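Take a look at the structure set out below.
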Amino acid sequence: MNQTSPSHIRRDAEGLAGGLPPLLAEAQRLAANVNFGVHGRRRSGMGESFWQYRQAMPGDDMASVDWRRSGRSDTVYIRELEWEAAHTVAMWCDDAQSMEYRGKAASGTKRERAQLLAMALSVLLSKGGERIAFPATDAGEPRTGELHLQRIARALSNTGDADYGHAPDFQDLRAARSVFFSDFLGEENAVFDPLKAAAESAGVGCIVQILDESEETFPFDGRVIFQSMGGGVNFETHRAKALREEYQERLAARCDALESFARKTGWRYLKHHTNESPSAALLWLYMAIGGQG
């Protein structure tokens, strides 16, 4: 008989209960630790949300008159709507198998850290009235609010089958800002082509490269079998230490290429390790994407 672990029972029960997904709850706790000002702006203009009543003036459109409110007095009132000043922020959180890597000293996988940062940033932006979209997921429509945050949390829980991630097309959204969370260790074209496409339409962009510390220090020696998380790559060596220098040079070249791309396009680049503080990374992200200018 198959037995289900207590942690799985609790997870499934939380899902069935329709409460906040665990990721969302954890992200909200993280977001609460970041001191931020409300980013969204509220003012009268074109929109759907009620803003305020004001007395009618010569030249006002009769269609804007709120006859119910006006009927309660001898003054004609105009119903003003809120100006939709919030921008769309498009995000991609890599769900490939490579993001499942976790070194011995790490508290979680690269994917778990990417999910947490993406979700916490969504919480902060949503509080400021921003519209958030995760293209190619069930949260692909730019929206804001608590229901959309739950939709994002569910979308982030999905896992892909590919060894390395490939960001979806952001261009249809014409997002004002874009954020990419990944280890960016795949083939060069698969990494940079989506970034170049997004840079053509996004005013501001952030590249967040998430790595496990062991991926940079390469603490391996002797006989080691290196296998990709998806099983697509399998390499055995009896002299792992001899590979360290060349490996580190290639990884450094990829990191430098990402930073150079960000510099040329006016974007921002952050290398973040899973053993580092997520709060510091979240604050950097919120500032970089426009939370405080």
Is one or more of the residues making up the stretch 167-177 touching a residue at least 60 places away in the same chain (Cβ under 8 Å), surrounded by fewer than 16 Cβ atoms within 10 Å (Cβ to Cβ) and among the basic types (K, R)? yes
Output for the stretch 183-222, where each listed residue is of a type in the set (D, E, K, R) and either over 17 Å from T88 (Cα atoms) or at pLDDT 90 or above (or both): D183, E187, E188, D193, K196, D212, E213, E215, E216, D221
Which pairs have Cβ atoms under 9 Å, sit 6 or more apart or on different chains, and link a residue in the stretch 265-276 that is closer than 25 Å to E200 by Cα to one that is in a strand (DSSP E or B) and among the small types (G, A, S)? T265/G205; G266/G205; W267/S178; W267/G205; R268/G205
What pairs come up if the first residue lies in the stretch 73-91 and is more than 25 Å from M62 (Cα to Cα), the second is at pLDDT 85 or above and among the polar types (S, T, N, Q), and their beta carbons are under 9 Å apart, counting only those six or more places apart or on different chains? A86/T144; V89/S122; V89/S178; A90/S178; M91/S122; M91/S178
Looking at the stretch 256-277 only, could you name the residues that are surrounded by 13 or more Cβ atoms within 10 Å (Cβ to Cβ) and charged (D, E, K, R)? E259, R268, K271, E276
Restricting attention to the stretch 184-220, and to residues there that are in a helix (DSSP H, G or I) and among the small types (G, A, S), which single residue is surrounded by the fewest Cβ atoms within 10 Å (Cβ to Cβ)? A190
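The values are calculated or read from the model by the stated rules, or taken from the named source; none is laboratory data. From a predicted model like this one, the values you see are computed outputs, not experimental measurements. Note that we place each Cβ from the backbone using ideal geometry, even for glycine, and neighbour counts take in every protein chain shown.
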